[in-house]
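A quick write-up on the structure given underneath.
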Amino acid sequence: MMPVSLAPYPPQPYLPQLSAGGSNQLCLQPIATRLQRKSAYILASINKTVVVTRERGKNGKLMKALEARGIYSLELPLIEHKLGTDFERLPLLLNENKFHWIAVTSPEAASVFLQGWKTAGHPKVKIAVVGSGTREVFEQAEQNGSLDVCFTPSKANAKCLAEELPRGPSNGETVLYPASIKASNEIESGLTVRGFNVTRLNTYSTVYSLFECALSG
């Protein structure tokens, strides 16, 4: 990385100004150094490094976007994902029950769901996703038409998904909610109030990476 010099370049320009006494005698004073400082700040910003901290292998999209802007990035994963306590139940439930909806609220939840879905033999399911990032995970999966991603709320958050998920005229429609152990209960609470029967599975958890543990130790 090239060092950034804070020395004024080109040399400071001078403007003729009236002397303090108010006479017509001209004196030379340098222009305020704010322009010089601003230029140095811009040059320094160009040479900054951005550290990306998501799980290893999942920073590529952001790193490419930074690279396109001429910004160097360094991958330094501080978190990783582990399968949760309910993951083994996921393929069993998919085979034993036909849910009206599968509610998926993050790209990681989508990736973990796909693991269980493939183990279950690719059953046909109807999926509600929280936003475009989660939808993209399903669109990239091999599905043979079995993944019907057919609902996204007006805003990409759990509250809107729970409030806007379509339902039939009768209560008791079933929703499978595969989630992080650390996720709030906003989805199941909001859907239950509206008459849905929600089954939550804690299929994964986000934990500190070994690198983060070494730093904090």
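The values are calculated or read from the model by the stated rules, or taken from the named source; none is laboratory data. Everything numeric here is computed off the predicted structure, so don't read it as measured data. Every residue, glycine among them, receives a Cβ derived from its backbone with ideal geometry; neighbour counts consider all protein chains shown.
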Self-check item: Filter result for the condition that a residue is crowded, with 21+ Cβ neighbours inside 10 Å and without any contact (Cβ under 8 Å) to a residue 60 or more places away in the chain, over Leu147, Leu114, Leu176
Solution: Leu147
Quiz item: Which number in (1) surrounded by 14 or more Cβ atoms within 10 Å (Cβ to Cβ); (2) among the basic types (Lys, Arg); (3) out of contact with any strand residue (DSSP E or B) (no Cβ under 6 Å at 6 or more places or on another chain); (4) within 28 Å of Lys61 (Cα to Cα) marks the one condition that Lys155 misses?
Solution: (1)
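Has the stretch 157-169 got at least one residue that is polar (S, T, N, Q), under 27 Å from the mean Cα position of the chain (by Cα) and farther than 17 Å from Asn97 by Cβ? Give the derivation first.
Taking the stretch 157-169 as the starting set, the residues that turn out to be polar (S, T, N, Q) are 157.
Of the ones still in play, those that are also under 27 Å from the mean Cα position of the chain (by Cα) are 157.
Subset that is farther than 17 Å from Asn97 by Cβ: 157.
The answer is yes; a qualifying residue exists.
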Quiz item: How about the stretch 170-190: which of its residues are out of contact with any Lys or Arg (no Cβ under 7 Å at 6 or more places or on another chain), farther than 24 Å from Glu88 by Cβ and modelled with pLDDT of 95 or more?
Solution: Ser189
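One line per residue, one yes/no per condition, for (1) under 18 Å from Tyr204 (Cβ atoms); (2) of a type in the set (A, V, I, L, M, F, W, C); (3) within 18 Å of the chain's Cα centre (by Cα); (4) at pLDDT 95 or above:
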{"residue": "Leu93", "(1), (2), (3), (4)": "yes, yes, no, yes"}
{"residue": "Ser106", "(1), (2), (3), (4)": "yes, no, yes, no"}
{"residue": "Leu114", "(1), (2), (3), (4)": "yes, yes, no, yes"}
{"residue": "Val130", "(1), (2), (3), (4)": "yes, yes, yes, yes"}
{"residue": "Pro153", "(1), (2), (3), (4)": "no, no, yes, yes"}
Exercise. Considering every residue within the stretch 120-137, establish whether at least one is touching a strand residue (DSSP E or B) at 6+ places or on another chain (Cβ under 8 Å), surrounded by fewer than 19 Cβ atoms within 10 Å (Cβ to Cβ) and closer than 21 Å to Gly84 by Cβ.
Key: no
Quiz prompt | Residue list for the stretch 179-199, restricted to those being within 23 Å of the chain's Cα centre (by Cα) and in contact (Cβ under 8 Å) with a residue 60 or more places away in the chain | solution = Ala179, Ser180, Ile181, Ala183, Ile187
Quiz item: Quick check, is Lys126 touching a Cys at 6+ places or on another chain (Cβ under 7 Å) and either of a type in the set (D, E, K, R) or modelled with pLDDT under 95 (or both)?
Solution: yes
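Of everything in the stretch 66-81, what is assigned to a loop (DSSP other than H, G, I, E, B), modelled with pLDDT of 75 or more and surrounded by 15 or more Cβ atoms within 10 Å (Cβ to Cβ)? Give them in sequence order.
Initial filter on the stretch 66-81 (assigned to a loop (DSSP other than H, G, I, E, B)): 69-71, 76-78.
Next cut, modelled with pLDDT of 75 or more only: 69-71.
Result: Ile71, single match.
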